[in-house]
Amino acid sequence: MRSLFYGTFDLMKFVLRKERISTAIWLGVLLFLTIFVAIAYGGLYSDAQSAAMIGMVEMWANPAVVAMLGPIFGEASPASLYASSMILTMVITVAIMNIFFVIRHTRAEEEKGQGEVIRSLPVGRLANLAAVLSFAGLMNLALSILIMFALWGFYGVAGAAMFGFSIGVSGFVFAGVAAIFANLSASRTGAIGMSIGAVLFFYMVRAMGDVSAEWLSFTSPIGLAAQTQPMAGNIAWPLFVLLGIGIICIAVAFYLNSIRDFGRGIFAEKTGRREGGFLMKSPEGLLFKLTRRSTLFWCAGLFMLGASYGVVMGETESFLEMIQTVMPNVTDVRIFIVMITMLASIMAVVPSLAILLKLVGDEKNGRYEQVFAGSVSRHRMLAAHIGYALIQSFVMLFVVMFGLWVTSYSVMDEPIAFGEMFSAFMVYLPASFVFIGLTALLIGLIPKRAAVIMYSYFGLTFTLMYFGPMADLPKEMTYITPFGFVPQIPIDTVNPWAIVSLLLVSAALIAGSFFLYRRRSLRFAA
Amino acid sequence: MIEIKNLKKNFGKMEALTNVNMEIKKGEVVGFIGPNGAGKTTTIRVLLGILKATEGTASIFGKDTWKDAVEIHKDIAYVPGDVALWPNLTGGEVIDFFINLRKKGINKERRDELIKRFDFDPSKKCNTYSKGNRQKVALIAAFSCDADLYILDEPTSGLDPLMEKVFVECVQELKKQGRSVLLSSHILSEVEKLCDRVYIIRKGETKEISQKDIKCASSLEALFGEHFKEAK
């Protein structure tokens, strides 16, 4: 028995060596988010009698909001409002952090062959899983304590501790869930997909519970994490239930690990088709086949994003007051639409970036070496990726718009016409094109840094456009991103010059990328 | 050192090994050859206690390879045919990690000498290494250890001819020191040069070949061809 875990501590140190930077980044970002929102809320909701506060509580009477964010527990106060609006976001983010962490060090290492070398050394069969899960435990504990100290000054120690530990302990549960799926599925992508599916499932179970049958919320780890009622009831027992669930998951994972063959999953792998079909005839087909599943997921996700905004638009009477609480300078319902279209359009550009950056990703890992070794020109590959990204940017924008329009149409007394909604979204298309053009140019110019630069630029864009109006930043600051130039329909009148110049800029960037990509050397992994 | 008797391994319904038998005594260098997919790596993984045998027994140093894997691994060194490393660590870091896990301390002199002989730069990140250089990481880590048994699974794949020569020298030194080696390889000349005896595996079943058999057939390659022609 002892020999099964032999070397756990050494492997834990090794995990620390591999992970020190990414763990620090994750914890830092989570902590920043915690504090940033606490400060922003401090300005907005000073006391329980403020108009903003009353509006926010009114909005919460809408079941759609309860389904999305969970209920407000107890008397509404600035503290309980913070906890209610943040807890699920934090729980889900931390769950995803744990899932990626656990699978990266278990199934992914086994799949790549790194696990085999480790297993040939004097380490126990379960030592790696034990090391990874112990590290996850420590990471979640550290996160809980950090969040507690960060919020102590804002909301008092009891609420801060309950908030922090609800997040940390539920994160630990999902480390256990991921460990189970890492043993069930034989592939990294399968294990990640199933684990995230579990998160969505438990989120939905909680949503149903919060809206209609309360007991259902207690059957979901995500619901249980919120049921500690941080900064309101401060009930501790769900934490112990969660801890118990986590330990059971881990026991199951150890058992599964001990009965399966190395490199295999409990679920047998399906055999695939014997011949390459229609899509395997061209590099364009390959690109489509490789990305179609993630495209589908993005479509579903963005549709739901649009739909959830649409549902909220139904509450027309309290509607204006409600949005004024979130966006104090809003005086017209249509400004809300402007805000939604802008945020949704920015989100919708992500899948296009991902597709385009695949060109450098699969260059770096060497997969495209074989493609370029065939009679495929640089321009053809670049054109395929850019073309697909451009089409994708339109499709995604359309999907999120459609989700918003369909649901808002069914709940609003005076629904917004399809044409109006369509143009309100499509004015953002030229800005997406500029993003795509810029990415393409960087792929030709500095491929190594392209992904980092573009995702940082995207993050900056999102922050500036989302928090800018809240923090009363001057409008000129948004001119560092193409989204800042887009006329905000239906508030602004259409400024054709803005659209035309964005289109020209994107065309110039794409032309430049064709020039540069042809002239640089490709760097495939050795 | 190694003793395998009537070993069987099934993956679901697929029979990967049907009847594997093998014996290696102290100080012997034994070859292990066979076509792709015949079961060489599966056999080696059973020996490493990574896979559990369906039937039959496998032991190293008289201990069960599945139950006593941790104990056994303290005294063996393993080199896989395709070495997967961690992209953000340097070659030197990984070598030291592999050696450290054996808990016997690092013989720095021996390690540095091997790094020099294999003409290896340990200061680079693993993702910049070519196939041959990744192979060197595992070889240097393995040869730096004071192991009693070396299990080498196509250890020279990707090495250039000069480095392959260094590898052959290293194995010959091990032999002189009285250590045991199991060498699985497709490079038959290498096997012929180094090994006292050879096991051939076909469709999950092993057959032993002595030096005398090889001489009769003029070369190992001729024997290999003959063996599989006859099989068809």
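Tabulated data
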| quantity | calculated |
| --- | --- |
| For the stretch B:124-172, alpha-carbon Rg relative to the globular expectation (2.2 N^0.38 Å, N residues) | 1.15 |
| Residues A:Val395, A:Val360, sorted so that the one with the fewest Cβ neighbours within 10 Å comes first | A:Val395, A:Val360 |
| Contour excess over end-to-end distance, with Cα ends at A:Met208 and A:Arg380 and 0.36 nm allotted per residue | 57.0 nm |
| Overall Cα dimensions of chain A, principal axis frame, Å, largest first | 71, 67, 38 |
| Inter-chain Cβ neighbour average for residues B:41-53, partner chain, 10 Å | 3 |
| Reach of B:Lys212 by Cα under 19 Å, taken over lysines that are not fewer than 8 positions away in the same chain | B:Lys25, B:Lys193 |
| Rounded Å value of the spacing that divides the Cα centres of the stretch A:392-465 and the stretch A:264-280 | 34 Å |
| Sequence-separation-based contact order of chain A, relative, with Cα cut under 8 Å and 6+ spacing, percent | 14 percent |
| Cα centre as origin, Lys/Arg/Asp/Glu Cβ charges: chain A dipole, Debye | 3040 debye |
| Exceeding the 19 Å Cα-Cα cut-off - candidates B:Lys74/B:Lys104; A:Lys18/B:Lys108; B:Lys40/B:Lys207; A:Lys112/B:Lys67; A:Lys358/B:Lys136 | A:Lys18/B:Lys108; A:Lys112/B:Lys67; A:Lys358/B:Lys136 |
| Mean-position separation - Cα centroids, the stretch B:95-156 and the stretch A:193-259, in angstrom | 46 Å |
| Packing-based exposure ordering (other Cβ within 10 Å, fewest first) of A:Phe32, A:Phe181 | A:Phe32, A:Phe181 |
| Calculated Rg and Dmax of the stretch B:1-132 using C-alpha coordinates, Å | 17.3, 49 |
| Expected-Rg normalisation [2.2 N^0.38 Å, Cα atoms] applied to chain B | 1.01 |
| In order through the stretch B:215-221: 3J(HN,Hα) via Karplus (6.51 cos²θ - 1.76 cosθ + 1.60), integer Hz, x for Gly, Pro | 4, 4, 8, 6, 7, 5, 5 |
| DSSP-defined antiparallel bridges as percent of all bridges, the stretch B:98-232, nearest 5 | 50 percent |
| Gap separating the Cα centres of the stretch A:69-103 and the stretch B:1-42, nearest whole Å | 54 Å |
| In order through the stretch A:118-131: 3J(HN,Hα) via Karplus (6.51 cos²θ - 1.76 cosθ + 1.60), integer Hz, x for Gly, Pro | 4, 5, 6, 8, x, 9, x, 4, 9, 4, 5, 4, 4, 5 |
| For the stretch A:106-228: relative contact order, % (alpha-carbon pairs under 8 angstrom, 6 or more apart) | 21 percent |
| D_trans [Stokes-Einstein, Kirkwood Rh over alpha-carbon pairs] for the stretch A:412-497, 4 °C, 1.567 mPa s, µm² s⁻¹ | 88 µm²/s |
| In sequence order, calculated HN-Hα J values of the stretch A:19-35 (Karplus, 6.51, -1.76, 1.60; Hz; x Gly/Pro) | 10, 4, 6, 5, 5, 4, 5, 4, 4, x, 5, 4, 5, 4, 4, 4, 6 |
| Under-5 Å amide H pairs with B:Val181, H placed in peptide plane, nonlocal only | B:Glu28, B:Val29, B:Val30, B:Tyr150 |
| Exposure rule at most 10 other beta-carbon atoms within 10 Å, DSSP loop trypsin sites (Lys or Arg not before Pro): chain A longest free segment | A:1-269 |
| Residue range of chain A that is longest and free of GluC sites (Glu not before Pro) which are both DSSP loop and sparsely packed (at most 13 other C-beta within 10 Å) | A:318-526 |
| Fraction of alpha-carbon pairs over 18 Å apart in the stretch A:124-177 - percent | 39 percent |
| Alpha-carbon Rg/Rh ratio, for the stretch A:141-228, with Rh computed the Kirkwood way | 1.07 |
| Ascending count of other beta-carbon atoms within 10 Å, so fewest first, for B:Cys126, B:Cys195 | B:Cys126, B:Cys195 |
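Bear in mind these aren't lab numbers, they're just calculated from the coordinates by the rules spelled out. Bear in mind that the values here come from a model prediction, so they are computed numbers and not experimental data. Neighbour counts run over all protein chains shown; Cβ positions are idealised from the backbone, glycine included.
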